[in-house]
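Some notes on the structure that comes next.
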Amino acid sequence: MSIEIEQEHPSVELSRIAISETHGENSPYFAGWKAYDEDPYHELTNPSGVIQMGLAENQVSFDLLEKYLEENSETSTWGKGGSSFRENALFQDYHGLKSFRKAMASFMEKIRGERAKFDPDRIVLTAGATAANELLTFILANPGDALLVPTPYYPGFDRDLRWRTGVNIVPIHCDSSNNFQITVEALESAYKNAESMNTKVKAILITNPSNPLGITIQTSVLESILDFATRKNIHLISDEIYSGSVFSCDEFTSIATVLESRRYKDAERVHIVYSLSKDLGLPGFRVGTIYSYNDKVVTTARRMSSFTLISSQTQQLLASMLSDEKFTDNYIKINRERLRKRYEMIIEGLKNARIECLKGNAGLFCWMNLSPMMENQTKEGELKIWNSILHEVKLNISPGCSCHCSEPGWFRVCFANMTQQTLEIALKRICDFMNNKDTKDIQS
Amino acid sequence: MTQTQEKPTNPIPQPQKNQKKNQSQSQSSSSSRSGMKLIVPLQGVVQGRGGLLLGSLIPCALFYFLQFYLKRRRSNHNPSSPSSSPTLLPRSSSRSNLSSRGSISRVRVSKLASILSKPDDSLYYLGLDRVSQDPFHSLLNPNGIIQLGLSDNKLCLDLIEKWLVKNLEGSVMGNGDINLSINGIAPYQPFHGLNELKIALADFMHQVMGGSVEFDPSNMVLTSGATPAIEILSFCLADHGNAFLVPTPYYPGFDRDVRWRPGIDLIPVHCRSTDNFNLNITALEQAFSQARKRGVKVRGIIISNPSNPVGNIMTPDMLFSLLDFAEDKNIHIIADEVFAGSTYGSEEFVSIAEVLDSEYVDKSRVHIIYGLSKDLSIAGFRVGVIYSYNKTVLDAAKKMSRFSSISAPTQRLVTSMLSDTRFIQEYIETNRNRIRQVRDEFVDSLTKLGIKCAKSSAGMFCWADMSGLIKPYSEKGELELWEKFMTVAKINITPGSACHCIEPGWFRICFTTISFEEIPLVIERIRKVVESCKSSN
């Protein structure tokens, strides 16, 4: 509520949404970023600064992009034949450039090793996956309804799914006893939980590969989630934003593949979110998509995408790049290899510091377990360690509580948003910290 | 619009759908001209199925009587959950392309989605659809429908093209002068826009609005077009169920931007041709107190200045009165100034920002919308601005801009374009001249046909009075004339009803989507309709 100042005219009021805290930017996830902003690491000018390991950005394959753009400057600016510049400058059709949608569809197929087919006319373009997730929430749920989301989950969901939509998130609790896999029991329990709060569940939202866990969801689990959604007659959103960042192509099963194997029965409840921010490392470009098997959702999403259109210039540029098969085949392969190497490097480094991680196979981060180090197996204990790591070790990592993890002691550590040298330095800092800690423990 | 008109003998869509539609219509216009809409099944007529009688009159009459019947029942019905029966899918052009792997859903979507998925019944959008099915092209499709219903500016694209060719030299990543290296633009940028672009836009706005008011880049939030800018402001300034006052006639897009997701109602404040459709404070007062009596909380006024669709400019006096009104009621003002640079008359455009400087008024209630789609012709690039003096609004809008950010390479490109002062000066002047040239010629030609336009000094359209050609003098007559223009003259113009104009017979005709040389062709087509109307009257 606006503060009532003692004067003739009270100041003009704003909406509840504007002054609410649901944007979630007061969580530790964002507090760490603040510390980084105030003292950012730089290998020359600030070698003792905070190293940012809380941002899931992919910088390992920039050189490939740069090379492509250098060699293909003409086509990337003006596109291949067809539409002239004039059409480009005025083009704000919410269907999006057909050539770009085609290119996206084929890129998504390649990432899945051609184990799924995508129809360009089912692709709705949005300015980033953030907008795609929010848009789907507006379309599938009414204010007051709920989405079931497995924990731990990407902290941004609290804002993207709830803030302007008025929709709630009901967590599906997962824990380390089975490597954080989603079980039918957990699904049922979450659903009942929502019912007990008189809240209608409209959809399940899964992230596959998972953020922050860094693992792909097994096919059998996907099948059981889809069956559950069918039983309850609700939607299933599969955020596959990290699908191109799976270290080994064979290990990823998209929900699209599951649907294909079922001959698309009940497909109209399934919607896939994708983006180029992670796999292609282009978050600044703001390119996201919704792929829906539901005609009504496609039509509605398209109309709503007027609020989040991608610049025609960007569509043009990426259309030519993504339809260049030689480039995309090569990029996908090399990107995977480099991410895998980074992952192996960080796991090795953490092992030397006697820190265990969840066995991951995808993504730009690893899921680290520091509970052996905690005095109290509580959220406070977790935040205590997080604080020392932030201020003593000068690493910004994301505490599990900001991801709504029900088990304290886990942390997400990103490894792809820095050079190899920086990662080495970060690992050394952790090692030193752990060794010092041991020494202190022995002494005390 | 009823898309179910394939069998003329069974034209009635599901009653529940209609009720919801009528409900929202009655909420939206407290003083709508006719409580019932007479929907002419245009598709049937156009496609010649069943002829005029079967295809239009009989289903029309049946439909009209059904509405009458439903209207009497309407007050008792309480729409709750959406119809559980599968709703028919809109038969838009994209539908035929969807692979057979999609299916009619048994699983429900939200109430909002149910409403949005229905075929749009606004003639503004329907007109755009019709053009896309049969677009005019001087060589490839000379008998196609000429687009005069979209205020795109095509007059100066050659200048933009020239600049791009000269400055990019084949690479969107730039060369030397423009640092567009992938490391710069690929990673996450501040969602609310790059600082350099804000600075460049502040300067551009200063130039384009007459050079008499300075804009502070730190009061800006950038968005992917003016459309999300309006929506974000709506989310920030009012709660679901509240209302904004809006002078009519107004830009049809407001109905989407303000109502859809923010859920804010638009209460029309009718302006009259006797005032040249200028805003009347008395009418504002009346609308405000009527709303209050109904228990509706008015949180703000939304205006477009220069006005879309009329093209008139608010004088400083009018702006002062508006500010006084807002101050008195303690509400917000959203001023959409996207056409500020498209002035051609002798009147100078005065931004509300300029008036604020000189008046002791609570600036925190004033918010300006701007964008480059109209004044710089780059609608495809999606560049919009929220300009506000209210820190809390800016904070909230910045966080919301994550859903509607401008693509980074585009931000860089536009920044360097705007920073080329010589080019921008040349562009602004040339643009004004060309708009003036086309507008004067067009309006003159219309006058010769006996069609007068409202006095205007800006914008890319004229607001034409065709009331003398419609029969009856009603929304029905206007609709029939619109259809005539579409099917006989094959031009798409926007009827006043789509803009919620209280007086029937007015049409918005955009002239910046055609070249100067194409004017005679358009006028000739209009002349045919004018003559046919006169002879039938």
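All of the numbers you see were taken from the coordinates with simple rules; none came from a lab. Because the structure is predicted, anything quoted here is derived from the model rather than measured. Virtual Cβ from ideal backbone geometry, glycine too; neighbours counted across all protein chains shown.
Here are the numbers for the structure shown:
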| read-out | value |
| --- | --- |
| B:Glu524/A:Glu109 FRET efficiency (R0 45 Å; Cβ-Cβ; nearest 0.05) | 0.35 |
| Theoretical FRET efficiency, 1/(1+(r/R0)^6), r = Cβ-Cβ of A:Ser177 and A:Asp93, R0 51 Å, to 0.05 | 0.50 |
| Potential extension, A:Glu260-A:Glu337 segment - 0.36 nm per residue separation minus Cα distance | 24.9 nm |
| Net length gained if the chain between B:Thr421 and B:Val165 were fully extended (0.36 nm per residue, minus Cα distance) | 90.4 nm |
| Shape category assigned to chain A from the gyration tensor of Cα positions, a/c cut at 1.5 | rounded |
| Spin-label pair A:Ser406/B:Ser532, simplified geometry with 7 Å Cα→Cβ offset, distance in nm | 7.0 |
| Net charge of neighbours whose Cβ lies under 11 Å from the Cβ of B:Gly341, counting Lys and Arg as +1 and Asp and Glu as -1 | -1 |
| Surrounding net charge for A:His391, when Lys and Arg each add one and Asp and Glu each subtract one, Cβ distance under 13 Å | +1 |
| Surrounding net charge for B:Phe516, when Lys and Arg each add one and Asp and Glu each subtract one, Cβ distance under 14 Å | -2 |
| Over segment B:178-423, relative contact order from alpha-carbon pairs under 8 Å, at least 6 apart, % | 29 |
| Greater than 19 Å apart at Cα, pairs in B:Lys329/B:Lys363; B:Lys374/B:Lys452; B:Lys455/B:Lys534; A:Lys34/B:Lys198 | B:Lys374/B:Lys452; B:Lys455/B:Lys534; A:Lys34/B:Lys198 |
| Residues A:Leu282, A:Leu55, B:Leu372, sorted so that the one with the fewest Cβ neighbours within 10 Å comes first | A:Leu55, B:Leu372, A:Leu282 |
| Relative contact order %, segment A:80-325, counting alpha carbon pairs below 8 Å whose residues are six or more apart | 29 |
| Full-extension gain in nm, A:Ser220 to A:Asn330, via 0.36 nm per residue minus C-alpha separation | 36.6 nm |
| Relative exposure of B:Leu197, B:Leu140, judged by other C-beta atoms within 10 Å (fewest first) | B:Leu140, B:Leu197 |
| Cα gyration tensor shape of segment A:372-444, rounded if a/c is under 1.5, else prolate or oblate by comparing a/b with b/c | oblate |
| Label zone at A:Phe62 (point 7 Å along Cα-to-Cβ), backbone N below 17 Å, segment A:255-290 | A:277-286 |
| Cβ-based exposure ranking for A:His95, B:His137, in which fewest neighbours within 10 Å come first | B:His137, A:His95 |
| Those lysines that a straight Cα-Cα span of less than 19 Å connects to A:Lys192, excepting residues fewer than 8 apart in one chain | A:Lys200, A:Lys202, A:Lys232 |
| In Hz, Karplus ³J(HN,Hα) per residue of segment A:114-128 (6.51, -1.76, 1.60; θ = phi - 60°; x = Gly, Pro) | 6, 8, 8, 10, 10, 8, x, 7, 9, 8, 10, 8, 9, 7, x |
| Dipole of segment A:80-325, positive end: most advanced residue of A:Ser220, A:Ser177, A:Ala131 [Cβ charges, Cα centre] | A:Ala131 |
| Relative contact order (percent, whole number), chain A, Cα cutoff 8 Å, 6+ residue spacing | 24 |
| Cβ-derived FRET efficiency at R0 45 Å, B:Thr447 paired with B:Arg106, nearest 0.05 | 0.20 |
| Simple label model, 7 Å out from Cα along Cβ direction - A:Asn361 to B:Asn143, nm | 6.2 |
| Eligible aspartates and glutamates near B:Lys399 by straight Cα distance, threshold 17 Å, same-chain separation 8 or greater | A:Glu21, A:Glu25, A:Glu134, A:Asp158, A:Asp160, B:Glu231 |
| Prolate/oblate/rounded label for segment A:228-298 (Cα gyration tensor, a/c 1.5) | oblate |
